[in-house]
1. Is there a residue in the range A:151-165 that is of a type in the set (Val, Ile, Thr), over 24 Å from A:Arg393 (Cα atoms), surrounded by 15 or more Cβ atoms within 10 Å (Cβ to Cβ) and within 14 Å of ligand 1 (Cβ to nearest atom)?
2. I'm trying to understand the selection: among the residues of the range A:20-42, which are touching a residue at least 24 places away in the same chain (Cβ under 8 Å) and within 16 Å of ligand 1 (Cβ to nearest atom)?
3. Among the residues that make up the range A:176-192, is at least one of them closer than 30 Å to A:Ala35 by Cβ, surrounded by fewer than 22 Cβ atoms within 10 Å (Cβ to Cβ) and in the same structural domain as A:Val110 (by TED's automatic domain parsing)?
4. State which residue is least open to solvent (accessible area, probe 1.4 Å) when the search covers only the range A:263-277 and only residues that are of a type outside the set (Gly, Ala, Ser) and touching an Asp or Glu at 6+ places or on another chain (Cβ under 9 Å).
5. Looking at B:His34, is it under 30 Å from A:Gly308 (Cβ atoms) and not hydrophobic (A, V, I, L, M, F, W, C)?
6. For B:Leu120, state whether it is away from chain A (no Cβ under 14 Å) and within 20 Å of the chain's Cα centre (by Cα).
7. Which of the residues that make up the range A:1-27 are small (Gly, Ala, Ser) and either surrounded by 12 or more Cβ atoms within 10 Å (Cβ to Cβ) or at pLDDT 85 or above (or both)?
Amino acid sequence: MTAASATVALLSAPGPTLADHLATHGPLPPGDAIAVAEEAGLTGRGGGGFPTAVKLRSVAGGRRAPVVVANGSEGEPASAKDAVLLSRAPHLVLDGIALVAGTLGAASAVLAADAARLPELAPHVAERRDRLPVRLHPVAAGYLAGEESALVAALNGRAPVPTSKFPPVRERGVDGRPTLVINVETLARLALLARGDSSAGDRALLTRRLERAGRLWVDVVDAPLSTPLAEWLPLDADVQAVLIGGYAGTWVPARTAARLSLDHSGLAAAGARLGAGVLAALPADRCGLRETARVVHFLAGESAGQCGPCLNGLPRIAAAMDLLARPAPPPPDLLPAVRRWCGLLPGRGACSHPDGTVRLVAGALGVFGPELDRHRAGTCTARVHRAFLPVPRRPR
Amino acid sequence: MTGAALWYLNRATGMVALVLMTLTIVLGTTVRRHGRLPGLPRFGVVHMHRNVALLSALLVAGHVVTAVVDSYVDIGATAAVLPFTAGYRPLAVGLGALAVDLALLVLVTSLLRDRLPRRLWAPVHLTSYALWPLAAVHGLTAASDLGGGWLLLLVLACAAATAWASLAALATRRAARPPSERARDAMAESVAAFAAGRPAGRYRNG
Ligand SMILES: Cc1cc2nc3c(=O)[nH]c(=O)nc-3n(C[C@H](O)[C@H](O)[C@H](O)COP(=O)(O)O)c2cc1C
Ligand code: SF4
């Protein structure tokens, strides 16, 4: 994946080594992670956007010392920010772990990332003199492996699938201890905030995906949330819609996207959230329904097949999306049926995977309404049949 | 209370408890197989399983208390929970005591289910399959008469129901595919169904 990016804040060190890191950012001053997160109003960057201070407090002060799990799984195929962060600035993440582990008096600390990334990370971890050594953990492949209860299950030696939320991992997680699962970008932001860089909490790593003159461009940027979305994506006539957040995210028409700013309330105006920081600009020569159908197929296939709603709902919706994505009249009652199924799923699974998938589908049916009409009449917008959104083909 | 009343009460509670236990097992295996009962949503079956189980526990408690209070037979409070220590038909009463112990274990772990790891709860819950035969053999051997055979018939009917339910649960379990494969199967079947214009089926998640 191409990873050219603006060199700002989070990715500004010239190299990944400890020397580069110290020369750019200086040593980590002592500090209280909860106070730092609270003051900056920092929110999680793993997709949920939950206030980090609240989360830190929920595992602090328990009877048993907690475990800190830095989540670098990045199961989201359209996202590359965590991989870029770990390869460009691993010591910011490790500083974040040290800071949080210190504040919480943690019993152990784990950094979970793709197995292919670990050999590159090991020397960086070995170079440090932290109070608590950080253990590297290879994450299983798959969209769900990064979900916090799935990650904790894997760390406890069980299958990497989401588990019941009672008790939550913040109460009983790795080795039965209270466990903080926190995204690597969230940790890196804590490390900058602790150094007095007060703007670090008001920025986000974005994975941008766009096509210019038929050529794919993917990169990761560290963008201030106060900036307009249009500053980061060209929203001209060659772009028809923007997928915001990732595969559990929302489609927004390009014209609407041009009016949005990246901060929470700005995106909320269009019913969107930054989620995992994905911004994908769908080229005008593609069919949004076909792109969505492919992604929904992938998401339905990734389901752990444990919960009824996921097992009965997602495959059905995916199969229906196939029919809606074809330039031919669909069965007459299919569209209302899909809308009904979408309403039935949220909140019914052990994890929010069905909720995210339904959000994507419901958004697509709205934004690509004109495309639905075109398909009914037997035509389609697509001029180019190359896939735009990435869907991993995984031998299983 | 007169001895005769206690005796009748003891017999009745024991009998009804066995019938309710049978019903509990049938409902439990229905839950396990993700089955439904006419007119009930799926969670309704779960609630019914739990409520009938609690009711049968209540009857077992009544059964134990009447046996202990009844001075005609020599069963002390300890013999009711400590197997094979009763003065009256020690073997038969002992099986009953064993069943009571198991039932207590299953009851307590189920009430604490949300606080226990599933790996502890699940195997303990499976012991309820052993509970039923213990209770049934206890009933047949401890009873002083079988009501001219109709009681025996009732127990046999219950046994048939329990055996059928257990076998059905076992068959479902053996037919179950690993979750990840289930998801893939559901996907393939749904696509095929929609392509052929058929409605998609229902898939079991266990
Ligand atoms: C289906 C699903 C997949 C997820 N995948 C990831 C992931 O790959 N990486 C990640 O950091 N968080 C992922 N999450 C979110 C985590 O469960 C968890 O909330 C997050 O790591 C917490 O970090 P944060 O508070 O810093 O955002 C996923 C959640 C769901 C429901
Ligand atoms: S909701 Fe779906 S993905 Fe989540 S645990 Fe249940 S079956 Fe798995």
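The values are calculated or read from the model by the stated rules, or taken from the named source; none is laboratory data. It should be emphasised that the depicted structure is a prediction, and the values quoted were computed from it without experimental measurement. Every residue, glycine as well, gets a Cβ built from its backbone with ideal geometry; the counts of neighbours run over all protein chains shown. Heads up: the accessible areas ignore ligands, DNA and RNA and are worked out on the full protein's heavy atoms, side chains in. Shrake-Rupley method; radii C 1.70, N 1.55, O 1.52, S 1.80 Å.
1. Yes, there is a match, as at least one residue in the range A:151-165 is of a type in the set (Val, Ile, Thr), over 24 Å from A:Arg393 (Cα atoms), surrounded by 15 or more Cβ atoms within 10 Å (Cβ to Cβ) and within 14 Å of ligand 1 (Cβ to nearest atom).
2. A:Ala33, A:Ile34, A:Val36, A:Ala37, A:Ala40, A:Gly41, A:Leu42 - these are the residues of the range A:20-42 that are touching a residue at least 24 places away in the same chain (Cβ under 8 Å) and within 16 Å of ligand 1 (Cβ to nearest atom).
3. yes
4. Looking only at the range A:263-277, we keep the residues that are of a type outside the set (Gly, Ala, Ser), and these are A:263-264, A:267, A:273-274.
Subset that is touching an Asp or Glu at 6+ places or on another chain (Cβ under 9 Å): A:263, A:274.
On the way: A:Asp263: 47, A:Leu274: 31 Å².
Ranking the qualifying residues of the range A:263-277, first place goes to A:Leu274.
5. Here the answer is yes, as B:His34 does meet what is asked.
6. Values: away from chain A (no Cβ under 14 Å): no; within 20 Å of the chain's Cα centre (by Cα): yes.
Considered against the rule, which asks whether it is away from chain A (no Cβ under 14 Å) and within 20 Å of the chain's Cα centre (by Cα), B:Leu120 comes out as no.
7. A:Ala3, A:Ser5, A:Ala6, A:Ala9, A:Ser12, A:Ala13, A:Gly15, A:Ala19, A:Ala23, A:Gly26
Table: residues versus (1) in contact (Cβ under 8 Å) with a residue 12 or more places away in the chain; (2) within 16 Å of ligand 1 (Cβ to nearest atom); (3) out of contact with any Gly (no Cβ under 6 Å at 6 or more places or on another chain).
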{"residue": "A:Gly277", "(1), (2), (3)": "yes, yes, yes"}
{"residue": "A:Ala293", "(1), (2), (3)": "yes, no, yes"}
{"residue": "A:Asn312", "(1), (2), (3)": "no, no, yes"}
{"residue": "A:Pro315", "(1), (2), (3)": "yes, no, yes"}
{"residue": "A:Ala320", "(1), (2), (3)": "yes, no, yes"}
{"residue": "A:Pro329", "(1), (2), (3)": "yes, no, yes"}
{"residue": "A:Ser352", "(1), (2), (3)": "yes, yes, yes"}
{"residue": "A:Gly356", "(1), (2), (3)": "yes, yes, yes"}
{"residue": "A:Val367", "(1), (2), (3)": "yes, no, yes"}
